[in-house]
Amino acid sequence: QVQLVESGGGLVQSGGSLRLSCAASGNIRRVITMGWYRQAPGKQRELVASETSGGSADYADSVKGRFTISRDNAKITVYLQMNSLEPEDTAVYYCNALIQRRDSFLPGDYWGQGTQVTVSS
């Protein structure tokens, strides 16, 4: 079993900041990538940012320069620092990780339960 537990969502005014956290736990041998997706009402889930265990990061064009992803490999935790938030950033944010379990050869794709981020204008 692998669990991803998110925290840090909430309501913020336009221009404000929030920091999301996601901690992985369970029968983990190796974490390959960790990242964040979001889904706004009526829209498809989209990648926000992801980072490999080696530190290579990718960002959606819409968040470049405003959001920063970081990882604490020792704590198996990924963070998303969100600055200069805009109403268009309002969505449910999901943590995602590609993890190899100790009892499995192939890695699996795991998701958190989601945390709501609401940006008011």
> Does Val92 satisfy the criteria of being hydrophobic (A, V, I, L, M, F, W, C), under 15 Å from the mean Cα position of the chain (by Cα) and either open to solvent by 20 Å² or more (accessible area, probe 1.4 Å) or over 17 Å from Ser7 (Cβ atoms) (or both)?
Replying inline: yes
> Only one of Leu85, Leu80, Leu11 is within 17 Å of Ser120 (Cα to Cα) and either free of Cβ contacts under 8 Å to residues at least 12 places away in the same chain or open to solvent by less than 50 Å² (accessible area, probe 1.4 Å) (or both); which?
Replying inline: Leu85
> So is Arg71 modelled with pLDDT under 95 and either surrounded by 17 or more Cβ atoms within 10 Å (Cβ to Cβ) or aliphatic (A, V, I, L, M) (or both) or not?
Replying inline: yes
>> Please count how many residues of the range 17-32 are open to solvent by 20 Å² or more (accessible area, probe 1.4 Å) and within 20 Å of Ser62 (Cβ to Cβ).
In response: 3
> Any residue in the range 44-56 that is surrounded by 20 or more Cβ atoms within 10 Å (Cβ to Cβ), in contact (Cβ under 8 Å) with a residue 60 or more places away in the chain and out of contact with any Leu (no Cβ under 6 Å at 6 or more places or on another chain)?
Replying inline: no
>> When the residues of the range 33-43 are narrowed to those that are more than 21 Å from Asn83 (Cα to Cα) and not small (Gly, Ala, Ser), which ends up surrounded by the most Cβ atoms within 10 Å (Cβ to Cβ)?
In response: Thr33
>> On the basis of being of a type in the set (S, T, N, Q) and within 15 Å of Leu98 (Cβ to Cβ), does Thr52 make the cut?
In response: yes
> Taking the stated definitions as given, is Asp61 open to solvent by 70 Å² or more (accessible area, probe 1.4 Å) and either within 18 Å of Val12 (Cβ to Cβ) or modelled with pLDDT of 95 or more (or both)?
Replying inline: yes
> Which condition number does Gln1 fail, the rest of (1) surrounded by fewer than 16 Cβ atoms within 10 Å (Cβ to Cβ); (2) over 16 Å from Gln113 (Cβ atoms) being met?
Replying inline: (2)
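The values are calculated or read from the model by the stated rules, or taken from the named source; none is laboratory data. None of the values given here were measured: they were computed from a predicted structure. Every residue, glycine among them, receives a Cβ derived from its backbone with ideal geometry; neighbour counts consider all protein chains shown. We work out accessible area using only protein heavy atoms, side chains counted, and drop any ligands, DNA or RNA first. Shrake-Rupley method; radii C 1.70, N 1.55, O 1.52, S 1.80 Å.
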